[in-house]
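**Student:** Mind having a look at this structure? Questions to follow.
The values are calculated or read from the model by the stated rules, or taken from the named source; none is laboratory data. Bear in mind that the values here come from a model prediction, so they are computed numbers and not experimental data. In this analysis, Cβ positions are derived from the backbone assuming ideal geometry, glycine residues included, and neighbour counts consider all displayed protein chains.
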Amino acid sequence: MIELEGVVERITYYNEENGFTVAKITVKDNDDLITAIGYFHCLEVGEVLKLRGNWTIHKDYGHQFKVEFYETIMPATVRGIENYLASGVIRGIGPTMAKKIVKEFGEKTLEVLSNSPEKLLSVPGIGEKKLKMITESYSQQQETRDIMLFLQEYGIGPNVAVKIYKNYKEKSIQILKQNPYRLADEVYGIGFKTADYIAQKMGMERDSMERLCAGLKYAVVKAADEGHVFMPLEELLYKASELLSVEKEPLNQAFLALEEKKDIVVERAWGREDVYLAAFYYSEKAVARRLFLLAAMIDEPLEITDETINEIEKCCNIRLAKRQREAIEKAAQHGVLVITGGPGTGKTTTIQSLLEFFKKQELKVALAAPTGRAAKRMVETTGVEAKTIHRLLEYNAYEQGGMAFGKNQDDPLDEDVIIVDEMSMVDIILMHHLLSAVRPGARLILVGDKDQLPSVGPGSVLREIIESDKIPVVVLDEIFRQAQESMIIVNAHRINKGYFPYINVKDKDFFFEQVLLPEDILETILEMTKNRLPNYGDFDPLEDIQVITPMKKGLVGVANLNDKLQFLLNPPSRRKKEYHYRACVFREGDKVMQIKNNYDKEVFNGDLGRIVRIDDEDVVIVSFADAWQEREVAYQGQEIEELSLAYALSVHKSQGSEFPVVIMPITTSHYVMLQRNLLYTAVTRAKKLIVLVGTKQALTIAIQNNRSLRRYGHLSDRIIDEFSQAIFRDGSI
Ligand SMILES: Nc1ncnc2c1ncn2[C@@H]1O[C@H](COP(=O)(O)OP(=O)(O)OP(=O)(O)O)[C@@H](O)[C@H]1O
């Protein structure tokens, strides 16, 4: 085996799932960068590595160094130190500051940081506050070195080491030796796979109880990530035995241990054994129970006459359709009501009429939606304040990613009526929190389109409530004349019913461009975004046009489209500052999306923004516009992981948002993604124009494929049970 030492200059490729990395590295005595490939845990630019491995020749890429073992070492050269500091590992230091510091102290930089950090005050831009931040962060880095060294013996990189250290401090090594699987449970950002990797390297037995328990739990968590509220026991054992490469027999024992610890709940009902993560089980039960209570414990039904309806119609300047009228009557009578319908069927208009009705009754109404963008649209269409559900419930964030809500059973919302829009995006946990905060006697009105993609989180809440047949539902199915003008709306309904859309009708808004090969589809999309559509309808490529794609990978997947669109619409320039993070480049002017909820910064999964500037200290400032204001949010160092480029979005990420123009590739090169509800969801995101680029064959397959994966959940059964038990108890409800 050959040993090399070098500095990471660039990360060309990084696979988040398995850590496979392609990196460019400068090595001693070699002017050219070498390409190193191998499995790394979160490599950073600037890290100095000792690599062991062998040279290979790739047919397209030529010489590559295949890394078998690696170790991170502290840099010794001026350039190495600068790169190391510039990588963002130390809070308060980014590339610009790194340059300034190294210019001042050269090779002695790390020594100064360790022994006489006050000297940093001589560097322009470092004051007392910043010095404190830097010294704290650097000494934390030093403290983590022991554990890092320990971990590196097992091939684990510094990024993971820092997370472990933050959690366990000086107990880190001890805990790792006892049971590395605790990491999966207790350290935010470390999953079973990493813990298993560490454990295996440390020589832990494959069939140790710790491993089996952690693996089983991981299989349940994975099922939840795929949208299931539970997993049938047999299926779970099968999956876990595959994952862990062990027989099912020893898993049974681990399973009982987990059940005893109350990490999971096994429900033996409906003639089967189903396994839940405890939180999902209790949430699902509570949702059914509270829906029943709200339905049963309504305050007095409100009186509604023809005159009331007339007045509403007058105020809203509209003649209500039969179903809309029915929605108002049912809202007056019942504690819980579902209003569902596709695009253009009058949901928003019904909400407006309901607002008018409740205003006349002098009842206090809260409007809410699961995402910031959906709430913003509610404000725009109703002219009334609307909040995200999180904000309505006064969330509080905890460090480890947990949360608590200020509004709950003990301190419920004081509104008399809660109207929630975009209900298809609400998962079982959020529904549980919402229902806990609605006081018995108040009214809950759930509005949404049951045919949209289900929530990202587990459960099919809206669909299952409707399927229970116990909660009153009004289905709006009339497409109003005004909406019929739009081919987008007409075709969305056709697609939903399994019919081929009307395409390329003159002067309409639904276009299909036949292009066969993925490389040509890509070219067409780029050309349309940059030139054709802006010329056609005066659309701004950044503000108005949104590329949405069903694929993550491949030529027309999210990653590649973002790469190409960024280069096309916001190319590199000396005037625009950049921030490099792993294989990503963020540039001033970029369109970005927040990809996880951040309660501290009050930005949420799905919020879209623009990078307005990157300051001298490499803080990336993003401007987000919500319903009320434009807000600037700062991202520093690794926080940037919460952002992704948003020139192209996956269909899932586009849920709940609307855009003037949508362009979507549709190709048979990714068969599995050709699904009716994906297409339907993407099409309904467009307001003025949609262009599908691909083949009619792919479009046909998508329309015909209605076998979207059924999510495991028992909400519907539980609601039915709640209602029938109530009848059983006292003869009536
Ligand atoms: N009773 C009605 N009579 C005539 N037009 C109506 C009526 N109700 C709604 N409309 C019109 O139909 C169109 C669609 O209505 P609305 O926006 O309320 O539907 P929606 O279901 O919320 O649609 P989307 O989901 O696409 O936002 C609007 O132009 C609205 O003015």
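**Student:** For the stretch 363-372, indicate whether the set of residues that are away from the ligand (no atom under 16 Å from the Cβ), more than 30 Å from K596 (Cα to Cα) and without any contact (Cβ under 8 Å) to a residue 24 or more places away in the chain is non-empty.
**Tutor:** No, there is no match, as no residue in the stretch 363-372 is away from the ligand (no atom under 16 Å from the Cβ), more than 30 Å from K596 (Cα to Cα) and without any contact (Cβ under 8 Å) to a residue 24 or more places away in the chain.
**Student:** Residues that are within 33 Å of the chain's Cα centre (by Cα): find the strands (runs of 3 or more DSSP E) completely inside the stretch 1-106 holding 3 or more of those.
**Tutor:** Where strands (runs of 3 or more DSSP E) fall fully within the stretch 1-106 and carry at least 3 residues being within 33 Å of the chain's Cα centre (by Cα), they are 2-14, 20-27, 34-39, 62-73.
**Student:** Using the structure shown, decide if I466 is at pLDDT 95 or above and surrounded by 21 or more Cβ atoms within 10 Å (Cβ to Cβ).
**Tutor:** No: the conditions fail for I466.
**Student:** Quick one: is K591 buried (at least 22 other Cβ atoms within 10 Å of the Cβ), basic (K, R) and within 17 Å of the chain's Cα centre (by Cα)?
**Tutor:** yes
**Student:** Let me ask something additional. Would you check which residues across the stretch 76-135 are in contact with a Gly (Cβ under 7 Å, 6 or more places away or on another chain) and not aliphatic (A, V, I, L, M) and list them?
**Tutor:** The answer is N83, Y84, S87, G88, R91, G94, K100, K130.
**Student:** Would you pick out the residues in the stretch 563-602 that are in a loop (DSSP other than H, G, I, E, B), hydroxyl-bearing (S, T, Y) and touching a residue at least 40 places away in the same chain (Cβ under 8 Å)?
**Tutor:** Scanning the stretch 563-602 gives a single hit, Y599.
**Student:** Which pairs turn up if I take residues in the stretch 25-47 that are surrounded by 22 or more Cβ atoms within 10 Å (Cβ to Cβ) and look for partners that are of a type in the set (D, E) and modelled with pLDDT of 75 or more with beta carbon separation below 8 Å, at least 6 apart in sequence or on another chain?
**Tutor:** I25/E9; G46/E82
**Student:** Answer with yes or no whether G498 is within 13 Å of the ligand (Cβ to nearest atom) and either of a type outside the set (S, T, N, Q) or surrounded by 16 or more Cβ atoms within 10 Å (Cβ to Cβ) (or both).
**Tutor:** When the stated conditions are applied, G498 does not pass them.
**Student:** Mind listing just one residue for me: the one in the stretch 470-487 that is crowded, with 21+ Cβ neighbours inside 10 Å and within 15 Å of G341 (Cα to Cα) and, of those, farthest from the ligand (Cβ to nearest atom)?
**Tutor:** V474
**Student:** Which of the residues spanning the stretch 603-631 are of a type in the set (D, E, K, R), touching a residue at least 40 places away in the same chain (Cβ under 8 Å) and farther than 28 Å from K99 by Cα?
**Tutor:** D607, D626
**Student:** Which of the residues that make up the stretch 286-332 are away from the ligand (no atom under 16 Å from the Cβ), closer than 27 Å to I428 by Cβ and not in a loop (DSSP other than H, G, I, E, B)?
**Tutor:** A286, V287, A288, R289, R290, L291, F292, L293, L294, A295, A296, K330
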